[in-house]
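Peer 1: One structure, pasted below without further comment.
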Amino acid sequence: MKFFKLLVDFYINSSIHVALAAISFLMMTQSMFKLPLDNSIIYFAFFGTIVGYNFVKYDALVRVKKYQMRLELKAIVFLSLCSLIATGYFFYQLQPFIQFTALIFLIITILYTLPFFPNKQNARNWAGIKIYIVSLCWVGVTLVLPIINTEIYFSNSMLVVAIQRFIILFVLILIFEIIDLKTDDPNLQTVPQKIGVSNSKKLGSFLLIIFLTIEFFDKNFDLTILLLKAGIAATTFLFLCFANEKSSKYYSSFWVESIPIFWWLLLLIFC
């Protein structure tokens, strides 16, 4: 049992789970718009997510605080290095314009973690900006990259999905911010820090209503897709309602991050 817990913790802490969530969004994009499957983008997104998230989470511990690495952290660093090599390999398999676009999101991630200038804060510490940066990067990697890779025109349906994906990501991150309220630096000015937990939940609920409402603006409206999105919105709403500062780390890091994976599985079954 102890070994299983260590395995699950490593799976979560090494960002493999969040990388699978990213791939689920990317595969949804491919399925929704009948895009040809491109393994280079899939593997680039998977390994790039591991590298990006681990870089953000552990850079300060290893580089700034000179944190003495435990066995788990050493394993995570090793996995991150292997993932970095894999990311570089699959990056060179992409078309030049896709590489350029991917570099934009990479630069955003780097600026999010590292200071621009000596003794200055990084973008992560800019008041209130974290939730927008992360949501934007996810939309870019899981929706924009696979679409422009196929060189098809950006349609009304794609715009609807882009807005919906930004909204659902915003709400999912909002759940994380509520749970991390006690540990987050007050200077971050996260949404719950600025407007409180109760108002944050009201904001998230309102955004989920918008998430469903704009589905009716899709020219390719499909009732099955609407029902699936309603189920995802309801699930996210429940997680949002029950989120609090005392929630287990598995509540957000495993269950909340499983929502995109659950969504993708539903699409496979019903569409």
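The values are calculated or read from the model by the stated rules, or taken from the named source; none is laboratory data. No experiment lies behind these values; they were computed from the predicted model shown. Cβ sites come from the backbone with ideal geometry, for glycine too, and all protein chains shown count toward neighbours. In case anyone asks, the SASA skips ligands and DNA or RNA and just uses the protein heavy atoms, side chains included. Shrake-Rupley method; radii C 1.70, N 1.55, O 1.52, S 1.80 Å.
Peer 1: I'm checking my understanding of the structure. Among residues of region 15-43 that are assigned to a helix (DSSP H, G or I) and open to solvent by 30 Å² or more (accessible area, probe 1.4 Å), which one is nearest to VAL160 (Cα to Cα)?
Peer 2: In this case the residue turns out to be MET32.
Peer 1: Let me ask another. Within region 246-271, track down each residue that is surrounded by 14 or more Cβ atoms within 10 Å (Cβ to Cβ) and either β-branched (Val, Ile, Thr) or over 13 Å from LEU172 (Cα atoms) (or both).
Peer 2: SER247, VAL256, ILE259, ILE261, PHE262, TRP263, TRP264, LEU266, LEU267
Peer 1: Then there is this: Please verify whether ILE209 is in a helix (DSSP H, G or I), of a type in the set (Val, Ile, Thr) and open to solvent by 40 Å² or more (accessible area, probe 1.4 Å), treating the condition exactly as stated.
Peer 2: Against the criterion (in a helix (DSSP H, G or I), of a type in the set (Val, Ile, Thr) and open to solvent by 40 Å² or more (accessible area, probe 1.4 Å)), ILE209 qualifies.
Peer 1: Does ALA243 count as surrounded by fewer than 15 Cβ atoms within 10 Å (Cβ to Cβ) and not polar (S, T, N, Q)?
Peer 2: no
Peer 1: Now a separate question. Would you check if PHE221 is part of a helix (DSSP H, G or I), aromatic (Phe, Trp, Tyr) and open to solvent by 20 Å² or more (accessible area, probe 1.4 Å)?
Peer 2: The answer is no for PHE221.
Peer 1: Starting from residues that are assigned to a loop (DSSP other than H, G, I, E, B) and touching a Ser or Thr at 6+ places or on another chain (Cβ under 9 Å), keep the ones in region 155-184 and report whichever is modelled with the lowest pLDDT.
Peer 2: Filtering first and then ranking leaves ASP184.
Peer 1: What are the residue pairs meeting all of these: first residue in region 148-167, first residue closer than 12 Å to THR29 by Cβ, second residue surrounded by fewer than 18 Cβ atoms within 10 Å (Cβ to Cβ) and of a type outside the set (Lys, Arg), Cβ atoms under 6 Å, and 6 or more apart or on different chains?
Peer 2: Within 6 Å, the pairs are THR150/LEU35; SER157/ASN220.
Peer 1: Among the residues of region 224-270, write down those that are of a type in the set (Lys, Arg) and not in a loop (DSSP other than H, G, I, E, B).
Peer 2: Those that are of a type in the set (Lys, Arg) and not in a loop (DSSP other than H, G, I, E, B): LYS229, LYS249.
Peer 1: Which of the residues spanning region 224-240 are within 18 Å of the chain's Cα centre (by Cα) and open to solvent by 70 Å² or more (accessible area, probe 1.4 Å)?
Peer 2: PHE237
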